[in-house]
Amino acid sequence: MMEGGTDSGFDEIPVPAAAAAGKAAAPPAAPAAAPASRVPAASDQDVVGPIVNVISRRVTVSDPQKEGDGMTAYYTYRVNSTELKTSRHSSVSRRYSGFDYLQKQLAERHPGVIVPYLPEKNAVMGKVGSEEFIEARRIGLQNFLVRVESHPQLAVDDKVTAFMEMSDGDWSKEVAKWDAAQGSVSARFGSLFKKAKDTTATYSATYTEAGRAAANNIDPDFTLTDTYVTDLALSLESIRNSSSSSICRQKDYADSITIFGESCTQLAAAERSHNSERFGAALDKLASTAANVAKLHRQVADSERLELLMPVRDYIFMTERVRDVVMKRGQLLANYASTANTVAEKKQALETVQSRANEDALQAALQEQERSKASYDDCCTTMAAELERFNREKDRDFRRYLRKFAISQIAAAERAAAMWADVLPAIDQVSLCTHRRAYAYACRISD
């Protein structure tokens, strides 16, 4: 990342020989030609936004509009979609809750699929209602739809088509009906606690003897997958924190160099009051350069936020969706382990008491075990393909993010170096002028 510091020491400028001999000094030599830029040429790897697979529908989210006032206020977004084969176009208005409903429906209808994330409902990068927050949410909602459209399984779901084409009123009614079915806010929290309790109880079955054997036989790498997702999230969070600190440092340096430039302007005025025009001009040049460098560092900070911080933050959210899939796989694994326990119990009962009832109970338990195994196998197959797809796209995206970030840093460093180099001739003129004055003053004294 571009640093604001320079070398710790400064070379002293020697008195030119001509000045020491009482002769007019020759003007300083022109600075050496700047080295060729090391900024690579732009490529398709530098495009901002998520890279997606071939899609059948082009989607944009735009025109956020505030509806209502006070606590009941909300924003709507214009969703435009065009089918590439038929050129059929649709334009609908959707609230955030409509996007949320679509995401939850896709997750429920496609177990094992990594459904794209949504931007958080509350402010993350800015105050709710601010232009920054509204724009960040708009970008997040568009990225969500672009990723859905690029997914071969999600793109053809009829809920996606309904979201893109259903009238505003009909879609709002469907969302409201689903929302009412979820119950009150307190009931939702209660269901979350119940779900967590049920999940814990189900997972405990995995660690019984029969359940552990089933887990080891069917999914020996489940723990490895879960550990990878956890480590990935922690690593991305570390990068996010480092990038955020770097952005703060860039802005702090910009503020500091701005103050330095203002001080140079004040000193220039003082020097001119004592008829030191060259010194004043050099200081003005230095002040102007400081202002430009400060502007550059603020641009670097904004660029890093756009090109690294936000994409990393988005992938942190994406890992949460991956974790949802891993949890679903774990729940199905635990359910299979539970049915294995049941089968073991029914076999024990049949061995103890031979009866038609116990035989029927064992057969029913075996059928339930087969169903749970089939559900689990389907989820594992889907999840394996999804994780491969996620890792492939993650590698591709991060190659682009990091390349774009590195190019931005190289370009900024070269521009800063050129700015500072441009002020050197003016500074050198000050030193020559100062030496001449010192020499002339010494000569007058000796005379």
| task | Could you go through region 260-274 in sequence order and give the Karplus-derived ³J(HN,Hα) for each residue, using 6.51 cos²θ - 1.76 cosθ + 1.60 with θ = phi - 60°, rounded to whole Hz, and x for Gly and Pro? | result | 4, x, 5, 5, 4, 4, 5, 5, 4, 5, 5, 5, 5, 5, 10
| Viscosity 0.890 mPa s, temperature 25 °C: Stokes-Einstein D of region 234-324 from its Kirkwood Cα radius, in µm² per second? | 159 µm²/s
| field | Exceeding the 27 Å Cα-Cα cut-off - candidates 121/373; 177/373; 85/173; 121/173; 85/328; 285/404 | value | 121/373; 177/373; 85/173; 85/328; 285/404
| request: Run the quick spin-label model on residue 173 and residue 388: label points 7 Å from Cα toward the beta carbon, then report their separation in nm to one decimal. | output: 4.4 nm
| note | Counting only residues 5 or more apart in sequence or on a different chain, those whose built amide H sits under 5 Å from that of residue 75 are 67, 96
| What is the fewest-to-most order of 166, 383 by other Cβ atoms lying within 10 Å of their Cβ? | 166, 383
| In square nanometres, what is one fourth of the surface area of the convex hull spanned by the alpha carbons of region 55-183? | 8.3 nm²
| field | C-alpha center-to-center spacing [region 145-170, region 253-288] in angstrom | value | 60 Å
| remark: Between residue 66 and residue 361, the FRET efficiency computed from the C-beta separation at R0 = 51 Å comes out, to the nearest 0.05, as 0.25
| note | Mean Cβ-within-10 Å packing, highest first, puts peptides 62-68, 362-368 in the order 362-368, 62-68
| request: Give the cross-link partners of residue 394 among the aspartates and glutamates, using a straight C-alpha distance below 13 Å as the criterion and excluding same-chain residues fewer than 8 apart. | output: 314, 386
| message | Once you place label points 7 Å from the Cα toward the Cβ at residue 418 and residue 73, how far apart are they in nm? | response | 4.4 nm
| said: Under the 0.36 nm per residue contour assumption, what length would be gained going from the current alpha-carbon distance of residue 263 and residue 104 to full extension? | reply: 51.5 nm
| said: Under the 0.36 nm per residue contour assumption, what length would be gained going from the current alpha-carbon distance of residue 295 and residue 89 to full extension? | reply: 69.9 nm
| request: Hey, could you get me the Stokes-Einstein D for region 242-391, Kirkwood radius over alpha-carbon pairs, 25 °C and 0.890 mPa s, rounded to whole µm² s⁻¹? | output: 112 µm²/s
| remark: Fewest to most Cβ atoms within 10 Å: 382, 72, 230 sort as 72, 230, 382
| query | How far apart, in nm, are two points set 7 Å out from the Cα along the Cα-to-Cβ line at residue 223 and at residue 252? | reply | 4.3 nm
| said: Could you tell me the calculated FRET efficiency between residue 399 and residue 231, based on Cβ-Cβ distance and R0 = 22 angstrom, to the nearest 0.05? | reply: 0.65
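Each value in this text was obtained by applying a stated rule to the coordinates, not by laboratory testing. What you see is a predicted model, and the numbers here were worked out from it, not measured in a lab. Cβ: placed from backbone, ideal geometry, glycine included. Neighbour counts: every protein chain shown.
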